[in-house]
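One structure is given here, and the rest of the page talks about it.
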Amino acid sequence: MPESELDKHYEENYQSPLWNLVKNRAEQKDISYYAAYREVLPEYQKTIRYKDAEWVMEQIRKRNMEIIEQRKANSK
Amino acid sequence: MSQKIANKVVETDVLVIGGGIVGCTAAWKAAEHGLNVALIEKSKPERSGKTGQGMDEIGIFPGRDGVTTLDALNLYLGGRGPSSLRAANRVLDPNVLYKIFDNALWALDEMERMGISMRYVDGEFGWMPYGSYPNGEPGPLIELRVHWHNVKPEMASAIRKNGIKVFERTMVVDLLTNNGIVVGATAVNTRTAEFITFKAKAIVLGTGDFSRHYNPSPPPCWKYKMAYNNCPASAAGDGHAVAFRAGADITRTETMQPAIVRDEILLQPGQFYLNDGITAKTFNWKGEEISRPEGPLEYLQYFNKGMVPLYQTLEHLPDDFQKRLEIHIMDETPLRLKLHGDRGFNPGKHWYQVAGNRGSHVLSGGIVIDEYFQTTLKGVYAGGECSEACGIGAGGALTAGMSIGENIHRYVSTAPEPVIDKAMVEHQKRTALAPLSVKDGTVPMELECSIRSICEEFAGPIKTEGMLREGLRRLSSLKRAFLPKLMAINPHYLMRCMEVRNILDLAEVHFKTALERKETRSGSSKSQFIRLDYPENDPSLDNKHFCVRMENGKTMIVAKEVPELNQEYAKEKN
């Protein structure tokens, strides 16, 4: 990998937004991470467009077509 | 020391070996039918097995577009199934797979009845597409998203409530047979070294996969259980080994597939971090995007062009998918997000390496079963990753366990009263407890590292006859020189000694069957069987699998026809 790309692997102080929510909730309420996750999950889920099945399918189709094109390009 | 340890005898209708999904569901269901059930688990069922840390999805199910079980089967075997099933051109009994698909939704209902949460956060089933058609359209097979970060404690609670006698920290030594029928098994408590004889009419094996014959990354795996998905530290092939030694057939022991090592950000070719149908982008080390390698052969081509290591990334995903990714990780390995954060790794953005020729590998085969999950040894049942229907994952394990539990009472009601051969028990006791008496011997981990090194160096995904023969010679040499010198400084080490005995037996089987398959069996799969000295496919081996068993102390290998799909199933219409 070129030198300039090495920082793609790691960065300082990366914190997953979901993990932060879980950790903070666990500390605030003095409960386990598992229990905190149970509480946080429904709130976090509301911020995701996961019930839009057609949109999801469209994303899958789009990526699959990219892969098909990539394979064609590679075989040339 | 063995003379001082008293025998304990437990009588039961059914002995379940392994407290994972197969073991817990089979035990729970068998007990519902009024059977007396005991379950042994070398760890604790609350957090043991592949789902010990959690699970984010189970599958696969016939799904959209009104697909029937038969449609699903054809789609699956036609190229959209797990690599292990496609590896050697339909080497899995299709009737087994048919039964798994056909009973999958029933098994889900049973799981809910067991008290396991199957619903997504909104209370609905979280179905998602699995695989795609060649033209890029999402396929009709589906998987179920689950928040299973606590599934094992829930399952363990269910079996304990159902009256199943759970023997935790108890490691199986070997099965007991009499006149070709299983009559029980022996086991050792890994905290007290108590030797236990189980007298049972039937046995269920649910011991997970076998992956400890190759090097983990990073080694040694027993210190890094958190890092593994397909390669939990417990996966010593205990079920494979005891079935093999007792005379049951095991199959596809020559094939293998790369394991997923997630914390070290090393994934198998084509594997994607997120189970929502979108595939990662693949790059060579120069940062040029390429098509992902579909298996070791394609990886080798990239290697020969000097393009490796390869990397994948999910940075192209929309924000919604990035958030889904976080939830997937929390559901399957909750602490992984913390570990990633500690190391500065953003799984949604950073690159991770694609496994190539080296790294940890999982055996792609298992114990031969029929469509009722019966092995070739009467009275022994098997399911999940230790069976030949491995690679299907939690969905296959769940269906197998529930199906075995539902039907095993039929066998138990007609099985003869088990008669234990005391000489066999004494022999197994001596074998199991001998390391406690050895001083200045070899610790089991040392022997395990040597076995793994030999497998890495002389087998691996790309094999040749000379290398396989040399590897086998070295394994035999290790066995002669060091197995008798295994030393257990405490009962926990005794468990490790028994594990390494199993690993060594199965590593030898791996080499022996790889030598028998004098061909290369390719196809677009991750677990291709590659012999550089036999680069062509041998048509005489089409639809055949090598079955291996121990007979009078010798390894017997026979190429058997894979059964055709039962005509009754083949005629199925909706």
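No other residue among B:550, B:556 is more than 23 Å from residue B:212 (Cβ to Cβ), at pLDDT 90 or above and not hydroxyl-bearing (Ser, Thr, Tyr) apart from B:556. Among all residues of the range B:301-318, there is at least one that is more than 23 Å from residue B:94 (Cα to Cα), out of contact with any Pro (no Cβ under 8 Å at 6 or more places or on another chain), assigned to a helix (DSSP H, G or I) and more than 9 Å from every other protein chain (Cβ to nearest Cβ). All of B:269, B:296 fail the test of being more than 14 Å from chain A (Cβ to nearest Cβ) and either touching a strand residue (DSSP E or B) at 6+ places or on another chain (Cβ under 7 Å) or modelled with pLDDT of 90 or more (or both), apart from B:296. Got at least one residue in the range B:97-110 being modelled with pLDDT of 80 or more, among the polar types (S, T, N, Q), out of contact with any Ser or Thr (no Cβ under 6 Å at 6 or more places or on another chain) and surrounded by fewer than 20 Cβ atoms within 10 Å (Cβ to Cβ)? Checked the range B:97-110: no residue is modelled with pLDDT of 80 or more, among the polar types (S, T, N, Q), out of contact with any Ser or Thr (no Cβ under 6 Å at 6 or more places or on another chain) and surrounded by fewer than 20 Cβ atoms within 10 Å (Cβ to Cβ). Return a yes/no flag: does the range B:109-120 have any residue that is more than 12 Å from chain A (Cβ to nearest Cβ), without any contact (Cβ under 8 Å) to a residue 40 or more places away in the chain, touching a helix residue (DSSP H, G or I) at 6+ places or on another chain (Cβ under 9 Å) and hydrophobic (A, V, I, L, M, F, W, C). Looking for residues that are more than 12 Å from chain A (Cβ to nearest Cβ), without any contact (Cβ under 8 Å) to a residue 40 or more places away in the chain, touching a helix residue (DSSP H, G or I) at 6+ places or on another chain (Cβ under 9 Å) and hydrophobic (A, V, I, L, M, F, W, C), one finds at least one in the range B:109-120, hence yes. For first residues located in the range B:544-568 and of a type in the set (Ser, Thr, Tyr), partners that are surrounded by 10 or more Cβ atoms within 10 Å (Cβ to Cβ) and lie 6+ apart or on another chain with Cβ distances below 8 Å form the pairs B:555/B:508; B:555/B:509; B:555/B:512; B:555/B:548; B:555/B:549. Can you confirm whether residue A:16 is within 18 Å of the chain's Cα centre (by Cα) and either at pLDDT below 85 or facing another protein chain (nearest Cβ under 7 Å) (or both)? Taking the combined requirement at face value, the residue satisfies it.
The residues in the range B:166-187 that are in a strand (DSSP E or B) and free of Cβ contacts under 8 Å to residues at least 60 places away in the same chain can be counted, and the count is 0. Of the residues making up the range B:167-195, those that are of a type in the set (Val, Ile, Thr) and either buried (at least 21 other Cβ atoms within 10 Å of the Cβ) or under 24 Å from residue B:367 (Cα atoms) (or both) are B:170, B:172, B:173, B:177, B:181, B:182, B:183, B:186, B:188, B:190. Restricting attention to the range B:129-165 and to residues that are part of a helix (DSSP H, G or I) and not aliphatic (A, V, I, L, M), the residue that is surrounded by the fewest Cβ atoms within 10 Å (Cβ to Cβ) turns out to be B:161.
For the range A:9-30, a residue qualifies if it is surrounded by 14 or more Cβ atoms within 10 Å (Cβ to Cβ) and part of a loop (DSSP other than H, G, I, E, B), and the qualifying residues are A:9, A:10, A:14, A:15, A:16.
The values are calculated or read from the model by the stated rules, or taken from the named source; none is laboratory data. A quick note: this is a predicted structure, and the numbers were derived from the prediction, not measured. Note that each Cβ is placed from the backbone with ideal geometry, even for glycine, and that neighbours are counted across all protein chains shown.
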